[in-house]
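The structure under discussion appears below in the form of structure tokens.
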Amino acid sequence: MRRDYGFGSLGAFAKGMDPLAPSICKVYNDDNVDDGDGKEKMMMWPLKFAFPGEGTDAPPAPAAAIEKAGSGQWASINIMSQPERIVAIRAFEDAAMGPVVRNADRELRAMLKRDGLEVEDGTEQYVLFTQYDAVHSMGKRRSEVWIDLKDGGHPF
């Protein structure tokens, strides 16, 4: 799915739910088509975050999200919890096009290796990137690549 379509679908789905920034996109390195291999592009919007002191359980999703997800025009939208994790981040300001995102990911991986930080197994199979600005916004943008760090593979 194209990113602008993803934004449109998620925006319509989350109307009135006050979704949080950023949008989080996961694209597998070998994914150019939706071929049913389970490695399709995915776009996520956080609807809720756990606050410090609330524990590691995810807060409940808004009732409207649970009611709408997975049916009718929202058949391709799922509600999912994300575990607490430590991520390494590299920001970039260019448009989040494939070559730009993959280059930022490569640079971050080189920095992590240089600094002796260990990435989570399997993260080399995909790129995880975020966007804080609207897809068609002009001018300076704020985007990031994220790489999950392995438990015990960092001092944090």
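The values are calculated or read from the model by the stated rules, or taken from the named source; none is laboratory data. Note that the coordinates shown come from a computational prediction; the quantities given were computed from them, not determined experimentally. When the accessible area is computed, the model is the full protein with side chains, heavy atoms only, and any ligands, DNA or RNA have been set aside. Shrake-Rupley method; radii C 1.70, N 1.55, O 1.52, S 1.80 Å.
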Per the rule of 0.36 nm per residue minus the C-alpha distance, extending ARG85 to LEU20 adds in nm 21.6 nm
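Computed from the mean reciprocal separation of all distinct C-alpha pairs, what Kirkwood hydrodynamic radius does the chain have, in Å?
With all distinct Cα pairs of the chain included, I get 17.0 Å.
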Taking Cα atoms only, helix 3-13 is inclined relative to the longest principal axis of the chain by an angle, in degrees rounded to 10, of 40
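Just the number, please: carbon plus sulfur as a percent of the accessible area of the stretch 50-136, 1.4 Å probe, no ligands or DNA/RNA counted.
Answer for the stretch 50-136 is 54 percent, counting heavy atoms of protein chains only.
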Set LYS48/LYS150; LYS15/LYS140; LYS113/LYS150, cut-off 21 Å on Cα-Cα distance; pairs above it are LYS48/LYS150; LYS15/LYS140
Probe 1.4 Å, heavy atoms of protein chains only: per residue, the accessible area of the stretch 69-136 in Å² is 63
With only helices counted (DSSP H, runs n ≥ 4, each -39500 (n - 2.57)), the per-residue ellipticity at 222 nm for the chain, to the nearest 500, works out to -6500 deg cm²/dmol
